[in-house]
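Reviewing the structure listed below.
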Amino acid sequence: MTERKGPILFRPYTAFSGMRKAFEMGNAKVLATVKDAGLRGRGGAGFPTAMKWKFALDDISKDHQDYSKDRFIICNADEGEPGTFKDRVLLEEQLGLLLEGMLIAGYTIRASTGIIFLRGEYNYMWDQIKGTILRWRAEGMLGENLDGKGFDFDIHIRMGAGAYVCGEETALIESMEGYRGEPRNRPPFPVNAGFNKRPTVVNNVETLCQLPHILNEGADWFKKIGTEESTGSKLLSISGDCSKPGVYEVPFGVTIQAVLELAGAVGIKAVQVGGASGICLSAHEFDRTICFEDVPTGGSIIIFNTTRNMREVLVNFLGFFMEESCGQCTPCRYGTECLLDGILQLSRGECSDEYLSELLDLSDSMAIASKCGLGQSVANPFRSIIERFRGEIYHG
Ligand SMILES: Cc1cc2nc3c(=O)[nH]c(=O)nc-3n(C[C@H](O)[C@H](O)[C@H](O)COP(=O)(O)O)c2cc1C
Ligand code: SF4
């Protein structure tokens, strides 16, 4: 294993200590600690983790009274965002931390089942994950009455089949139920009616891996790392024009420039933060910081040097969205196609500047009218690349 350094996820850790700590504290205190730590989801949107858990815990639908048997914690290991590969590293190298994080989350929301939704391309990890689950069962770390007070919990694996949209939590749940992976209308939200219509929390791999450390070291320790609204650390998957691509753990609040230096990147003209659905920054903005208050990211950082053509980058992203749109709603299904077609026409000199303004308006409408985050986020790369590299869109 490559030696990895970082303030939280790759520090030395005693197996099962977070889980034992949770049982000592009881679920109300665990919830309060995670809330106090300010943990926010690492999957991209940054939703406060404790708040999501509380919604599921508090679900009062009369159908859900027998709650201990009917709640689910799902680990989102679909990792489909272009340029993101940090969850793969956690799954390969910190699997114990992840399973323990799932157990802690399950204990807190009173779930009896955890499910890892594993990206289709990660099926080579199946044996390793399954083997660890079986060992934990044999050692009594999964199964019945884990806390001595009646808490039962087990973990299963479900394979994804390679669609980007299945990383969206409601499409993921549809897929797990055996349907086409298409996003659902909300409400109801998964915390009230998720998998099998039961209260379900979906958390990212990295979010879950933070939990054992938070319980062991305490909320104050966690809050000292990062910024006021983005506490803790973030894993970045860094790729593109740099000499040291890879997965890095950084405290929130780090500048783009510092990230470029870590990765050995020089002569850089653009950085795409957050993958295809994120925003593009140009060189004069490299003092901006990675955090929810400034530039948020699920972890993907793609670096472009001066030899890259940003129109080709945009065409590539739009082609990706067109391919991955589930086609359920018109703004996304037709909008992605119009944007791609428009950029190609502009590059051939077949369209006017006014038409480009119309395309920008269209992307804004897609952000408002699309049903899920896929269609809603197309405007991020579209607007940010055009605003910063307009010249290349015409003459690239
Ligand atoms: C198109 C699309 C793809 C997504 N893919 C992922 C993914 O691969 N992994 C992930 O954790 N979240 C992904 N999300 C976000 C999830 O819907 C969800 O917000 C997240 O898993 C919640 O976990 P967190 O609160 O721990 O961040 C995606 C969202 C969209 C709209
Ligand atoms: S926004 Fe796109 S991916 Fe999402 S539901 Fe609509 S068509 Fe499907």
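What to note about this one:
- Yes/no for Met125 being in the same structural domain as Asn204 (by TED's automatic domain parsing) and away from ligand 1 (no atom under 16 Å from the Cβ): no
- Qualifying residue in the stretch 200-220 (condition: aliphatic (A, V, I, L, M) and part of a strand (DSSP E or B)): yes
- The listed residue being of a type in the set (Lys, Arg) and more than 21 Å from Met102 (Cβ to Cβ), out of Arg198, Arg186: Arg186
- Looking at Arg119, Arg137, just one residue is at pLDDT 95 or above and more than 27 Å from Gly319 (Cβ to Cβ), and that residue is Arg137.
- The set of residues in the stretch 175-194 being within 11 Å of ligand 2 (Cβ to nearest atom) and under 15 Å from Leu118 (Cα atoms) consists of Gly181 alone.
- Qualifying positions in the stretch 26-40 - in contact with a helix residue (DSSP H, G or I) (Cβ under 7 Å, 6 or more places away or on another chain), of a type outside the set (Asp, Glu) and surrounded by fewer than 19 Cβ atoms within 10 Å (Cβ to Cβ): Lys35
- Selection status of Val201, closer than 17 Å to Leu91 by Cβ and either buried (at least 21 other Cβ atoms within 10 Å of the Cβ) or of a type in the set (A, V, I, L, M, F, W, C) (or both): no
- Those residues of the stretch 318-348 which are within 14 Å of ligand 1 (Cβ to nearest atom) and among the aliphatic types (A, V, I, L, M), in sequence order: Met322
- Where a residue in the stretch 175-187 is within 16 Å of Asp78 (Cβ to Cβ) and not assigned by TED's automatic domain parsing to the domain that holds Cys372 and its partner, wherever it lies, is polar (S, T, N, Q) and in a loop (DSSP other than H, G, I, E, B), with Cβ under 8 Å and at least six apart: Glu182/Gln328; Pro183/Gln328
- Those residues of the stretch 362-388 which are part of a helix (DSSP H, G or I), within 16 Å of ligand 1 (Cβ to nearest atom), buried (at least 21 other Cβ atoms within 10 Å of the Cβ) and not hydroxyl-bearing (Ser, Thr, Tyr), in sequence order: Met366, Leu374, Gly375, Ala379, Asn380, Pro381, Phe382
- Odd one out for Val202, checked against (1) assigned by TED's automatic domain parsing to the domain that holds Arg71; (2) closer than 19 Å to Asp36 by Cα; (3) touching a residue at least 12 places away in the same chain (Cβ under 8 Å): (2)
- Hey, Pro183 assigned to a loop (DSSP other than H, G, I, E, B) and within 11 Å of ligand 1 (Cβ to nearest atom) or not: yes
The values are calculated or read from the model by the stated rules, or taken from the named source; none is laboratory data. These figures come from a predicted structure and were not determined experimentally. Heads up, the Cβs are rebuilt from the backbone with ideal geometry, glycines too, and the neighbour counts pull from every protein chain shown.
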